[in-house]
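Please read the structure below before turning to the comments.
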Amino acid sequence: MTFGHPLLLLTLLLVPAAVIAYRLLERRRARYAVRYTNVAVLEQVLGRARPWRRWLTGALALLALATLCVAVARPHVHTTVVDDRATVILVLDVSGSMHAVDVKPTRLRAAQVALHDFLNTIPSRLRVGLVLFAGEAQVATPPTREHQLVADAIDEADFFNGFGGTAIGDAIDLAVRVGVQSAGISESEKSTLGATSQLASYVAAAPPTKSSLVSILFLSDGKQNRGIVPPLVGAEHARAAAVPVYTVALGTTGNTHLENGYMFGGGGFGFGGGRLAPDPRTLSAIAKITGGEFFQARTAHALQDAYRTLGSRVGQRHAVREVTDLFALGAALLLVLGAGLAAWWAPRLP
């Protein structure tokens, strides 16, 4: 916690001063004697007095004073808030190997469930886009706050008609361009963002950061075997645009087979047995280069945990909020509570 006027915290000295003043007044003897004809009634009233009530009401008054003293110093707290300009681009591998059954029920279906969990976790005002890729990449949903549109596109990922293979670098490059354009680049600048050499001219080059306005959540279960842009070159493009890429390597490293025993892609049909392993080394390097984070998911449960974790991190920024009003309200409530208790417990003389 920080304070706008820290020197005003010296007003807290009023608290011990009030205690000392109270003790001095308590020691003073009464100057006047009070005559009361019915002593028995007086003894009965005083006999019901409970000292702890007096101490409690006094403590509430002192606490209210201390809270008010903190309020005048204008306290601020550091917190994380959702940035209304933040954008998350989901990138999903839909190549034929995503139908492997080592992750139940299949890799693709487990990924779809995890992405739905992610959409249910994030704030509704966070913009989300979706890029699907196999041998080529395409935008399934541009960044939007209508998360149901993204959810529908995720469910329809089975019908993606990209060329066979896995183009990791192309998918990252496309996601970077989509995310950067959604961050408020002018129309004249958007037309030139496709050229890597000009990208850094329009987006300030920065070291990797986890508080970027744009984040990419990238999932793949294979190695690059198609496409134009190498994976690490795509990562450098993301780094130049200050876009962290959080990567997830889905699948086991052992032998597995595809659902229904075959693979379908732009390249045609093929038998689905064999070693269909992800490339954690490359995906880990991408995350490291861009300032993101790498996750290894060998089960559907691990995949869901990864996306729930990401849902609580992306699209947020650090902020400082003044909480003077909360302290002032707290002081008022304490005063009202103390006064109410004092009035309730006050002895009633006949």
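Applying 0.36 nm per residue to the separation of residue 19 and residue 332 and subtracting their alpha-carbon distance, the gain on full extension is 110.7 nm.
If you plug the beta carbon distance of residue 85 and residue 2 into 1/(1 + (r/R0)^6) with R0 = 22 Å, you get a FRET efficiency near 0.30.
Neighbour counting of Cβ atoms within 10 Å sorts the residues 294, 133, fewest neighbours leading, into 294, 133. Distance between the C-alpha centers of region 5-20 and region 51-79? Whole Å please. Using only Cα atoms to place each centre, the spacing works out to 11 Å. Each of 74, 321 has some number of other Cβ atoms within 10 Å of its Cβ, and from fewest to most they run 321, 74.
Among 223, 104, sorting on how many other beta-carbon atoms sit within 10 Å of each Cβ, with the fewest leading, yields 104, 223.
FYI, it's all coordinate maths here, none of it is from the lab. Owing to the predicted nature of the structure, the values given are computational and were not obtained by experimental measurement. Cβ: placed from backbone, ideal geometry, glycine included. Neighbour counts: every protein chain shown.
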